[in-house]
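*Asks:* Dropping the structure in here first, questions after.
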Amino acid sequence: MRKFKKMAALLMAGMMILSANGCSGNGAGNDEEESAVTKEEGGNKLQLWHIQTAENRKKVIEEGVKEFSEKYGVEVEITVLENDPFKTKLRTAMGSGDAPDVFHSWGGGWLKAFADEGLVVDITEDIEVWKDQLNEAAIGMNTFDGKVYGSPYMTALTPLYYNKAIFEEHGLEVPTTWAEMETVCETLKKNGIIPFALANSTKWPGAQHFVMLSMRIGGADIFQKAISGEISFEDETFIKAGDMLRNMVDDGWFPEGANALNWDTGDSRQMFYAGQCAMILQTSGFISTCLSENEEFYNNNLALASYPAIEGGKGEITDMLAGENAFSVSADSDNVEMSIKLVEFLSTSKTVQQGFADAGAIGARTDLNVSTKPLQQGMDQLSNATYLQNFIDQTLSPELAEKHKDTCQALLGKTMTSEEAAKEMQKLYESIE
């Protein structure tokens with residue numbers, strides 16, 4: 001068993017104040033170096049696995065890979081998987097000799113587990129060439145013991161999305177406190193509208209509510225305190241957050257049977273687009289997904305806000321649950337040098353990065369042009385954030401992350417009390433300490 005508290009200190013990289021400063025560079029490498037690599041490595045084949053299933057983001061990667069292949073004379077085979085199937089397949093492939101050369105990563109404890117087992121290439125020296133072009137906070141989420149194991153290509157945060165047409169029709173203001181949220185939800189229900197869309201069969205969408213409630217009640221660093229052992233997972237903050245989540249279910253704030261609905265296949269998104277639900281809590285990947293799936297809704301209805309503050313809580317409304325999408329290189333790769341070149345290219349190519357921005361995604365580079373209001377709102381939230389907490393299921397160890405998602409799903413299904421959920425988390429934490 002790994003020493004969990006020691007790991008917790010390393011994962012503090014996921015907890016950082018966002019630096020609004022950034023600087024841009026001139027692209028990946030210099031021409032002489034690139035020509036030398038092309039000549040030496042040309043004709044090889046690389047495998048790339050990622051999770052960008054939305055057509056617009058998937059197309060950006062496809063076009064970027066095509067440009068890379070033409071530039072370096074290297075064939076790149078792309079595999080696209082949904083979030084959870086990706087995790088399952090990659091865990092099986094890593095260390096078996098079947099791992100892809102380059103794979104999607106979220107940083108945090110998920111990536112660190114692979115790094116601890118020597119399954120990921122250390123790119124600390126390599127990233128020095130291009131890191132000044134990227135958001136510094138995102139790089140930190142891929143850094144353990146001072147070594148970097150992934151390069152970000154998109155940044156993620158978790159806004160509260162709302163249908164502005166519904167809010168306008170019913171004379172509602174965006175809630176900034178929990179009391180205001182309760183008033184908004186009561187008005188919505190009286191008018192036959194479900195307050196929140198939620199599809200939670202994959203567990204993580206619902207867990208985001210629990211995390212935001214915990215951060216608003218106990219302060220932005222509440223999970224870091226639990227991970228370090230400063231407080232218990234049975235702390236009153238987590239009990240209260242669990243009770244509030246169960247109350248949201250009791251009060252009809254979510255669709256019935258939300259735990260059986262699937263985010264990946266669009267169950268909650270379609271309810272949101274159709275006006276059956278007025279709000280949805282999701283990662284910033286939803287910005288580009290909405291643009292891809294329903295451009296009319298994106299242009300006319302989609303707006304972003306922050307999760308409300310809770311009266312008497314220690315958290316700020318500008319404290320954000322965030323993360324990043326990175327690419328890492330497998331230690332199994334037969335062509336590490338060219339794999340690192342591919343990671344660099346996808347992280348820094350102005351064509352690729354601007355392509356993400358045009359698709360409604362928050363790219364890793366700091367010098368992109370933003371042309372749509374929802375994306376600009378997301379960028380503003382990121383630049384104004386007072387605290388960035390890495391996604392909890394990526395921050396925790398793999399075992400504890402699964403327990404976290406399981407208990408949150410049980411809270412939403414009313415099959416577990418808040419005290420029982422907290423006790424299970426603490427028991428597992430102590431067993432792997």
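*Asks:* All but one of (1) closer than 16 Å to A165 by Cα; (2) in contact (Cβ under 8 Å) with a residue 40 or more places away in the chain; (3) among the acidic types (D, E) hold for D267, so report the exception by its number.
*Replies:* With respect to (1) closer than 16 Å to A165 by Cα; (2) in contact (Cβ under 8 Å) with a residue 40 or more places away in the chain; (3) among the acidic types (D, E), D267 is out only on (1).
*Asks:* Please go through the range 325-345 and pick out each residue that is of a type in the set (S, T, N, Q) and part of a loop (DSSP other than H, G, I, E, B). I'd like the intermediate steps shown before the answer.
*Replies:* The first filter runs over the range 325-345 and keeps only residues of a type in the set (S, T, N, Q), leaving 325, 328, 330, 333, 335, 339.
Passing the criteria: S333, N335.
*Asks:* On to the next question. Taking the range 246-277 on its own, how many of its residues are assigned to a helix (DSSP H, G or I) and either not assigned by TED's automatic domain parsing to the domain that holds T183 or not hydroxyl-bearing (S, T, Y) (or both)?
*Replies:* Adding up the residues that qualify gives 13.
*Asks:* Moving on to the next point. With W106, W49 as the choices, which residue is at pLDDT below 95, under 25 Å from T202 (Cβ atoms) and in contact with a helix residue (DSSP H, G or I) (Cβ under 7 Å, 6 or more places away or on another chain)?
*Replies:* Answer to the check: W106.
*Asks:* Go over the candidates I280, I217, I239 one by one and state the one that is assigned by TED's automatic domain parsing to the domain that holds E182 and surrounded by fewer than 21 Cβ atoms within 10 Å (Cβ to Cβ).
*Replies:* Details: I280 fails: surrounded by fewer than 21 Cβ atoms within 10 Å (Cβ to Cβ); I217 fails: surrounded by fewer than 21 Cβ atoms within 10 Å (Cβ to Cβ).
Checking each option against the conditions leaves just I239.
*Asks:* Filtering the range 283-312 down to residues that are in contact with a helix residue (DSSP H, G or I) (Cβ under 7 Å, 6 or more places away or on another chain) and in a loop (DSSP other than H, G, I, E, B), which residue is surrounded by the fewest Cβ atoms within 10 Å (Cβ to Cβ)?
*Replies:* The residue in question is E311.
*Asks:* Tell me, which residue of the range 356-373 that is out of contact with any Lys or Arg (no Cβ under 8 Å at 6 or more places or on another chain) and in a helix (DSSP H, G or I) is farthest from R57 (Cα to Cα)?
*Replies:* Residue satisfying both the conditions and the ranking: K373.
*Asks:* Pairs needed: first member in the range 175-188, without any contact (Cβ under 8 Å) to a residue 24 or more places away in the chain; second member anywhere, of a type in the set (G, A, S) and loosely packed, with under 15 Cβ neighbours inside 10 Å; C-beta distance under 9 Å; at least 6 residues apart or different chains.
*Replies:* Close Cβ pairs satisfying both conditions: T187/G171.
*Asks:* Sticking with this structure for a sec: Looking at N142, N163, can you tell me which residue is under 21 Å from Q276 (Cβ atoms), touching a Gly at 6+ places or on another chain (Cβ under 7 Å), crowded, with 19+ Cβ neighbours inside 10 Å and not β-branched (V, I, T)?
*Replies:* Numbers: N142 fails: under 21 Å from Q276 (Cβ atoms).
Just a single option satisfies the conditions, and that option is N163.
*Asks:* Kindly establish whether W263 is within 25 Å of K59 (Cα to Cα), hydrophobic (A, V, I, L, M, F, W, C) and in contact with a Pro (Cβ under 7 Å, 6 or more places away or on another chain).
*Replies:* Yes.
*Asks:* Is it fair to say F223 is buried (at least 18 other Cβ atoms within 10 Å of the Cβ) and over 28 Å from S383 (Cα atoms)? Step through it out loud before you land on a result.
*Replies:* Numbers: buried (at least 18 other Cβ atoms within 10 Å of the Cβ): yes; over 28 Å from S383 (Cα atoms): no.
In short, no.
*Asks:* Are any residues in the range 378-405 under 27 Å from S292 (Cα atoms), buried (at least 20 other Cβ atoms within 10 Å of the Cβ) and of a type outside the set (A, V, I, L, M, F, W, C), and if so, which ones?
*Replies:* Scanning the range 378-405 gives G378, Q381, N390, D393, Q394.
*Asks:* In this structure, does D251 turn out to be touching a Cys at 6+ places or on another chain (Cβ under 8 Å), surrounded by fewer than 18 Cβ atoms within 10 Å (Cβ to Cβ) and touching a residue at least 40 places away in the same chain (Cβ under 8 Å)? Working first, answer last.
*Replies:* Values: touching a Cys at 6+ places or on another chain (Cβ under 8 Å): yes; surrounded by fewer than 18 Cβ atoms within 10 Å (Cβ to Cβ): yes; touching a residue at least 40 places away in the same chain (Cβ under 8 Å): yes.
Answer is yes for this residue.
*Asks:* Could you check E136 against (1) under 19 Å from the mean Cα position of the chain (by Cα); (2) crowded, with 19+ Cβ neighbours inside 10 Å; (3) touching a residue at least 24 places away in the same chain (Cβ under 8 Å) and say which number it fails?
*Replies:* Of the numbered conditions (1) under 19 Å from the mean Cα position of the chain (by Cα); (2) crowded, with 19+ Cβ neighbours inside 10 Å; (3) touching a residue at least 24 places away in the same chain (Cβ under 8 Å), the odd one out for E136 is (2).
*Asks:* May I pose another question? From the residues in the range 145-158 that are of a type outside the set (S, T, Y) and crowded, with 20+ Cβ neighbours inside 10 Å, which one is farthest from L382 (Cα to Cα)?
*Replies:* V148
*Asks:* If we only count helices (runs of 4 or more DSSP H) wholly inside the range 126-238, which ones have 3 or more residues that are modelled with pLDDT under 95?
*Replies:* Values: elements: 136-140, 164-169, 178-190, 204-218, 222-228.
Per the criteria, 136-140, 222-228.
The values are calculated or read from the model by the stated rules, or taken from the named source; none is laboratory data. All of these numbers come straight from a predicted model, not from anything done at the bench. Backbone-built Cβ (ideal geometry, glycine too); neighbour counts: all protein chains shown.
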